[in-house]
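Below is one structure; the comments refer to it alone.
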Amino acid sequence: LPPGEVIDYNLNAPIGSNGNILAPFCHHTTPWPQPTETWTAGQPVTFKFYKPVATTHHGGHCEFSIMYPNSTTYLVLHQELRYCFYTGPPDNGGQDTVREYTFNLPTDLPGTPHAVAAWTFVNSVGAREFYALCGDIAVIGPAGALTGKAVTIVNYGSNTVLIPEFLGNYDTGISYYTTNTTNVTVVGEGYGGYLG
């Protein structure tokens, strides 16, 4: 761990609420000296939520993304929209039992010895909050660049969109995740047999 830091398992503390910033994007601003996980381009990765989640707010929109040292924001790798943490629509029998998501990384995800992976979440029910947790990782893959959707940041400071409560309409705010978006390009020097 970096000096003075502790592992942050708290899924229940939002970083933004009603347009106010409550904490830095990753809760902490000091990078770990070594990656905590190593991913491989083109292979599956799994995000697991180990600790009890006090409330999942009847679902909402989740994104899983990555930021490289030379990029200004996060590139989205996977989305779970509308019913994150649920097996389906909460108002139509969906169960609050999903605690892990597995997805394949892009085959052309650039390799790098250090990047930051992030999970972000905007809740369906309750105060208009925004959640995020991060981890330092390495990516085994070739040198190159990849362009894709930038992470959606809402309910987090006066310069971001405030998505209202869903009130049963799980398409609330969906355009900020699907059409009303911007792109980001990440560049990696190659890592894990690809370096050099």
Q | Boolean, Glu165 is among the acidic types (Asp, Glu) and surrounded by 15 or more Cβ atoms within 10 Å (Cβ to Cβ) | A | yes
Q) What tally of residues in the range 32-70 results from selecting those that are at pLDDT below 90, open to solvent by 40 Å² or more (accessible area, probe 1.4 Å) and of a type in the set (A, V, I, L, M)? A) 1
Q: Can you give me the number of residues within the range 149-184 that are out of contact with any helix residue (DSSP H, G or I) (no Cβ under 8 Å at 6 or more places or on another chain) and assigned to a loop (DSSP other than H, G, I, E, B)?
A: 23
Q) Which is modelled with pLDDT of 95 or more and out of contact with any strand residue (DSSP E or B) (no Cβ under 9 Å at 6 or more places or on another chain), of Thr87, Thr107? A) Thr87
Q: Exactly one condition in (1) of a type in the set (Ser, Thr, Tyr); (2) surrounded by fewer than 15 Cβ atoms within 10 Å (Cβ to Cβ); (3) in contact with a Phe, Trp or Tyr (Cβ under 9 Å, 6 or more places away or on another chain) is not met by Tyr170; state its number.
A: (2)
(Q) So for the range 91-103 (the condition being open to solvent by 10 Å² or more (accessible area, probe 1.4 Å), within 23 Å of Gly16 (Cα to Cα) and not charged (D, E, K, R)), does at least one residue qualify? (A) no
(Q) Can you list residue pairs whose Cβ atoms sit under 7 Å apart, with the first residue in the range 72-86 being at positive phi and the second being at pLDDT 95 or above and polar (S, T, N, Q)? Count only pairs 6 or more apart in sequence or on different chains. (A) none
Q. Listed residues Thr29, Thr73; which is over 28 Å from Thr179 (Cβ atoms), among the hydroxyl-bearing types (Ser, Thr, Tyr) and either open to solvent by 20 Å² or more (accessible area, probe 1.4 Å) or part of a loop (DSSP other than H, G, I, E, B) (or both)?
A. Thr29
Q. Taking the condition assigned to a loop (DSSP other than H, G, I, E, B), in contact (Cβ under 8 Å) with a residue 60 or more places away in the chain and surrounded by fewer than 17 Cβ atoms within 10 Å (Cβ to Cβ), does Val187 pass?
A. no
Q.
Which residue is nearest to Lys48 (Cα to Cα), if the candidates are limited to the range 158-173 and must be small (Gly, Ala, Ser) and at pLDDT below 95?
A. Gly168
Q: Say whether the condition of being over 20 Å from Gln79 (Cβ atoms), in contact with a Ser or Thr (Cβ under 8 Å, 6 or more places away or on another chain) and not β-branched (Val, Ile, Thr) is met by at least one residue in the range 173-183.
A: no
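The values are calculated or read from the model by the stated rules, or taken from the named source; none is laboratory data. In this text, all values refer to a predicted model and were calculated from it rather than measured experimentally. In this analysis, Cβ positions are derived from the backbone assuming ideal geometry, glycine residues included, and neighbour counts consider all displayed protein chains. When the accessible area is computed, the model is the full protein with side chains, heavy atoms only, and any ligands, DNA or RNA have been set aside. Shrake-Rupley method; radii C 1.70, N 1.55, O 1.52, S 1.80 Å.
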